[in-house]
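To start, the structure itself, in C-alpha cells.
The values are calculated or read from the model by the stated rules, or taken from the named source; none is laboratory data. Here the structure is a predicted model, which means the values were calculated and not measured. Ideal geometry is used to build each Cβ from the backbone, glycine not excepted, and the neighbour counts take in all protein chains shown. Each accessible area value is taken on the protein alone, full model and side chains, heavy atoms only, with ligands, DNA and RNA left out. Shrake-Rupley method; radii C 1.70, N 1.55, O 1.52, S 1.80 Å.
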Amino acid sequence: PVPVMHSPPKKVTQKDMLDWKIPPCVSNWKNAKGYTIPLDKRLAADGRGHSQVVINDKFAQFAESLVIAQEVAREGITARIKEKERQQRMDKDRKDEELRQLARDARMMRTGVAPAAAAASMG
C-alpha cells in the first residue's frame, strides 16, 4: 500500500484542549465515581428544560365536556335520591295510615261498635 503522508505533528494548545474536552456523563441513575454533581447539571442532563410544553387545543374541550358530564351525573344522582326519599315517605305514610286504621278498628271493637258501621258513619 501507498504510505499516507501526514503533516508534522503540532503542539496542542490550551484552546484546542478546551474545544476537544468531552464533559463527563451526568446521569440521575448512575454515579460510579461518586462525584458531587450540581443540580443544574443534573436537570440539564435529563433534557426537561429543552422541550417546549405543548397542550393540544382539544384538551380544553375535553376538560369542559368532563365538567359538564360530572354536573349531569350529579343532577341524576340528586334526582334519584329525591325520588327514593319521596318513595320512602309515601311508604311510611301508607303504613302509618294502615296502623291508624287498625287502631281505630281495635278501639271500635273494644267499645262494641261494629267497624263497618263506624266506617259508614265516618265516610
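Summary table below
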{"read-out": "Condition broken by Asp57, with the remaining ones in (1) loosely packed, with under 10 Cβ neighbours inside 10 Å; (2) at pLDDT below 85 satisfied", "value": "(2)"}
{"read-out": "Positions within region 1-46 being of a type in the set (Asp, Glu) and either at pLDDT below 85 or open to solvent by 90 Å² or more (accessible area, probe 1.4 Å) (or both), in sequence order", "value": "Asp19, Asp40, Asp46"}
{"read-out": "Options Lys21, Lys30, Lys41, Lys15: the member that is in contact (Cβ under 8 Å) with a residue 12 or more places away in the chain and not hydrophobic (A, V, I, L, M, F, W, C)", "value": "Lys41"}
{"read-out": "Region 36-76: number of residues that are of a type outside the set (D, E, K, R) and closer than 30 Å to Pro23 by Cβ", "value": "14"}
